[in-house]
Amino acid sequence: MIYRSPLPDVEIPGGTLTELVLGTAGRHGDKPALVDGVTGETLTYAELAEGAEAGAGGLAALGVGPGDVVGLLSHNQPRYALAVHAALGAGAAVTPMNPVLTAGEIGKQLRASRAKVLVTAEPVAEKAADVAREHGIEHVYVLGEHERARPFAELLAGGNAAPRLDLDPETAVAVLPFSSGTTGAAKGVRLTHRNLVANLVQTRAGWRVGPGDVQAAVLPFFHIYGFTIILHSGLLGGATVLTLPRFEPDAYLAALAEHRVTRAYFAPPMVLALANAPDVENYDLSALRYAFCGAAPLDVEVTERAERRLGCRIRQGYGMTEASPGTHQVYDDAFATTPAGSVGRLSPNTEARLVQPGTDTDVAPGEDGELLVRGPQVMLGYLDNPEATASTITDGWLHTGDIARVDDDGVFWIVDRLKELIKYKGYQVAPAELEAVLLSHPGVLDAAVVGVPHAEGGEAPKAFVVARRGVEADDVLRWVAERVAPYKKVRALEFVDTIPKSPTGKILRRVLKERG
Ligand code: 4UU
């Protein structure tokens with residue numbers, strides 16, 4: 001049984017991501033494309049389009065071209081978009097990184113993606129410069145100024161014309177985010193120009209972002225939700241994207257009121273914080289019309305509490321990095337009638353199946369099954385990992401690793417997560433990566449990590465550890481904390497005699513999860 005979108009297919013334009021979102025920049029001209037919610041710094045559509053052209057010329061003059069990768073390590077700020085489209089204009093792909101990653105983690109991604117240039121932000125320029133030096137990356141640019149890097153503005157000021165390229169949008173990679181997918185450590189996800197163009201026009205069919213919209217962008221652009229759904233759907237619609245570097249309820253609410261934000265994008269911990277914030281009612285949120293949430297399961301009771309306080313319904317989108325990311329959404333037109341707790345209906349040009357996990361057998365109608373999705377937004381594949389690609393995409397069907405249910409109206413619910421991935425505040429934490437760090441501790445003999453419920457993060461990593469006599473839990477926790485970004489930290493640890501494994505040596509994560 002193949003489920004299809006109730007919306008008619010949309011035509012997918014043939015050009016690049018930049019052509020799609022900045023092709024009409026001339027029309028919006030002096031309108032602010034991005035505004036920094038902290039400093040007020042503004043980038044108009046014309047400035048963004050011209051800056052991207054100039055930056056593309058500057059990068060090309062450095063020798064950056066098709067097939068190359070530019071690393072981007074920054075919090076949300078207007079110039080983020082400039083860096084992205086300068087790189088794309090040079091024909092390169094961007095590999096986005098979370099600025100809180102450790103030097104070791106940044107180095108790993110730069111090495112795996114063979115990044116030639118690193119663009120960074122002022123607060124993390126020191127770390128970026130150190131990593132770049134260690135990995136022999138000669139070109140480090142900063143969005144702003146810093147003594148250890150060249151100003152990105154220099155690339156724009158060189159007077160170099162953007163190269164004329166003949167990219168094939170179906171094979172040219174535009175973004176290379178890292179995701180662990182259904183198993184193992186993080187892998188580069190090869191998203192082509194066509195994947196992103198497709199997902200933007202698919203999403204637009206249900207969410208009509210227009211020039212009258214102001215989109216709050218606190219969720220990070222380095223994650224695919226922020227990149228496609230918040231930043232680029234805003235630019236495509238000719239809206240204004242309001243960037244905020246971090247979520248803090250009062251500052252966030254003040255920004256929503258001051259900038260008359262019409263569309264807000266949340267992850268579950270933000271909804272929880274707003275449901276509990278002391279004085280939401282003091283802010284004028286009358287402009288807010290649509291609030292979205294995605295990236296992890298959202299509790300219905302918490303949603304309703306937050307909705308009452310914000311005076312606006314909150315509805316979910318669903319997807320994953322490997323699908324650029326959107327596959328399901330609650331359309332604007334059905335916002336009031338789609339049940340809370342669901343992830344809405346399929347986006348146009350998207351098909352789904354529900355199968356018995358690990359098989360190709362459909363479940364009976366109405367039963368829960370592993371969600372498979374197919375559509376033009378599904379990645380080209382993982383970088384340098386044909387095995388992982390082959391086990392994740394079969395006959396064009398992307399295995400999501402999530403368990404879903406669908407009702408007679410074509411509304412989907414995500415009911416469980418089958419894959420080993422842990423989501424702390426919506427951020428990916430790969431158990432395999434933490435297990436490798438645990439096993440590098442001299443006192444640890446074996447280890448397994450699973451997600452357990454966590455009040456603030458929704459879910460957090462817990463380690464089961466077989467250790468040598470005398471090893472202290474605090475020492476092991478510190479060992480991990482020193483080597484991974486704060487959001488990946490192991491937050492609970494239990495010493496055990498053995499790790500339960502299948503006859504083939506695979507960790508029986510369900511057994512550990514049920515033990516909690
Ligand atoms: C339960 O988190 C994402 C993508 C998020 C997103 C947000 C708004 C997509 C479309 C949109 O409109 O990507 P990843 O790769 O970091 O994580 C993917 C995983 C899914 O497989 C699922 O397990 O994140 C989980 N997830 C959700 N779970 C994503 N959205 C949801 C959801 N409910 N709404």
Just the residues that are in contact with a strand residue (DSSP E or B) (Cβ under 9 Å, 6 or more places away or on another chain), more than 24 Å from residue 425 (Cβ to Cβ) and part of a loop (DSSP other than H, G, I, E, B), please, taken from the stretch 469-499. 471, 496, 497, 498, 499
Residue by residue through the stretch 500-516, note down the ones that are under 21 Å from residue 427 (Cα atoms) and of a type in the set (Gly, Ala, Ser). 516
Mind checking whether some residue in the stretch 425-439 is within 13 Å of the ligand (Cβ to nearest atom) and surrounded by fewer than 22 Cβ atoms within 10 Å (Cβ to Cβ)? yes
Identify, please: which residue in the stretch 354-376 is touching a Gly at 6+ places or on another chain (Cβ under 8 Å) and modelled with pLDDT of 95 or more and is, among those, nearest to residue 199 (Cα to Cα)? 374
Yes or no: the stretch 325-340 includes at least one residue that is open to solvent by 10 Å² or more (accessible area, probe 1.4 Å), within 14 Å of the ligand (Cβ to nearest atom) and under 24 Å from residue 510 (Cα atoms). no
Near pairs, Cβ below 7 angstrom, 6+ apart or cross-chain, from the stretch 423-435 (charged (D, E, K, R)) to any residue that is more than 10 Å from the ligand (Cβ to nearest atom) and assigned to a helix (DSSP H, G or I): 425/269; 425/487
Output the strands (runs of 3 or more DSSP E) that fall wholly within the stretch 273-336 and possess 3 or more residues being in contact with a Pro (Cβ under 9 Å, 6 or more places away or on another chain), or say none. 314-319
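Okay, residues lined up against (1) open to solvent by 30 Å² or more (accessible area, probe 1.4 Å); (2) in contact with an Asp or Glu (Cβ under 7 Å, 6 or more places away or on another chain); (3) away from the ligand (no atom under 14 Å from the Cβ); (4) closer than 26 Å to residue 9 by Cβ:
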position	(1), (2), (3), (4)
154	yes, no, yes, no
161	yes, no, yes, no
167	yes, no, yes, yes
225	no, no, no, yes
By residue number, the members of the stretch 387-424 that are near the ligand (Cβ under 10 Å from one of its atoms) and at positive phi are 401
Checked against (1) buried (at least 20 other Cβ atoms within 10 Å of the Cβ); (2) at pLDDT 95 or above, residue 104 satisfies every condition except (1)
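The values are calculated or read from the model by the stated rules, or taken from the named source; none is laboratory data. Here the structure is a predicted model, which means the values were calculated and not measured. With ideal geometry, Cβ positions are generated from the backbone for all residues, glycine too; neighbour counts draw on all protein chains shown. Ligands, DNA and RNA are excluded from the accessible area calculation, which covers all protein heavy atoms including side chains. Shrake-Rupley method; radii C 1.70, N 1.55, O 1.52, S 1.80 Å.
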